[in-house]
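Visitor: Got a structure here, written out as structure tokens. Questions coming.
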Amino acid sequence: MIEAYITNLGKYNEGKLKGEFLKFPTTTEEVQALLSRIGVDGVMYEEIFITDYATKIFGLGNCLGEYESINELNYLAELLDEMDANDIEKFEAAIACGEHSGSVEDLINLTQNLDCYEYIPHTSDHEELGRYALETFEGREVPDWMEDYFDYDSYGRDFDINVGGKFVDNGYAFDTQSPFQKVYNGRNDLPEEHKIFAYPKPEQSIQKAIANYTQMISEAPSTALSPEKTLSTATKTDR
């Protein structure tokens with residue numbers, strides 16, 4: 001459901017882009033392996049940030065930031081994985097309405113409150129909205145002989161004004177006014193099975209740190225004076 005491009009912040013500040021996409025939900029072992037590959041060892045390089053997202057859920061990538069918690073992203077992805085197609089559509093519609101999408105915490109709570117929203121698919125204007133609302137919510141059908149006289153467009157506009165909804169991608173969404181329950185209150189509420197972030201094992205980190213240090217030394221310009229330069233400098237000083 002979610003892929004995030006995890007980037008080594010220290011390397012980035014040195015002018016080098018070291019990163020890879022991580023698919024969520026994931027495991028501690030997969031996180032450790034990726035961090036090891038991009039040089040985040042918990043010793044010389046500890047910090048990461050996210051430079052890009054890839055997801056099939058419309059609008060979700062725009063709600064996620066550079067410094068999101070790996071653990072919270074994993075929890076959100078697991079909850080999204082458990083949804084069926086109808087719930088995913090409703091989730092996308094709520095995001096498009098700008099509801100409860102300002103943080104990963106908001107999005108996690110949104111997955112648990114989809115009953116607070118109604119989504120009408122394949123509805124792009126007030127006429128289509130009026131037809132659906134009359135038949136579905138009012139339980140009425142206009143007789144065939146009245147079809148040419150009934151103003152579905154006006155009915156749809158009135159319905160829109162009353163519920164305060166919004167036309168979204170390929171549909172219409174509105175708040176049902178059901179109470180929104182905040183069931184997740186931040187990282188202290190995170191289930192243990194989703195606390196999957198961990199640096200590579202110490203022995204791997206030390207080996208990686210030594211390799212990085214050796215590379216830095218080999219790439220650094222030499223500041224030591226050669227014997228010839230030392231002699232030349234000494235001669236000039238004597239003069």
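Read the figures in this text as sums done on the coordinates, not as results from a lab. On a predicted model such as this, the values are computed, not experimentally measured, just so you know. Backbone-built Cβ (ideal geometry, glycine too); neighbour counts: all protein chains shown.
Visitor: Once the piece of chain linking residue 215 and residue 166 is laid out straight, how much longer is it, given 0.36 nm per residue of separation minus the C-alpha distance between them?
Guide: That pair, residue 215 and residue 166, stretches by 12.0 nm at full extension.
Visitor: Pairs 23/195; 18/56; 56/201: which exceed 23 Å Cα-Cα?
Guide: 18/56; 56/201
Visitor: Return the FRET efficiency for the residue pair residue 106, residue 49: r is the Cβ-Cβ distance, R0 is 30 Å, and the value is rounded to the nearest 0.05.
Guide: 0.90
Visitor: If I model a spin label as a point 7 Å beyond the Cα along the Cα-Cβ vector, how far apart are those points for residue 183 and residue 86 in nm?
Guide: That separation, rounded to one decimal, is 1.8 nm.
Visitor: Using 0.36 nm per residue of separation minus the Cα-Cα distance, give me the extension gain between residue 28 and residue 153 in nm, one decimal.
Guide: 39.6 nm is the gain from fully extending residue 28 to residue 153.
Visitor: Still on this model: What distance in nm lies between label points placed 7 Å from Cα along the C-beta direction at residue 13 and residue 175?
Guide: Computed distance between label sites residue 13 and residue 175 equals 4.1 nm.
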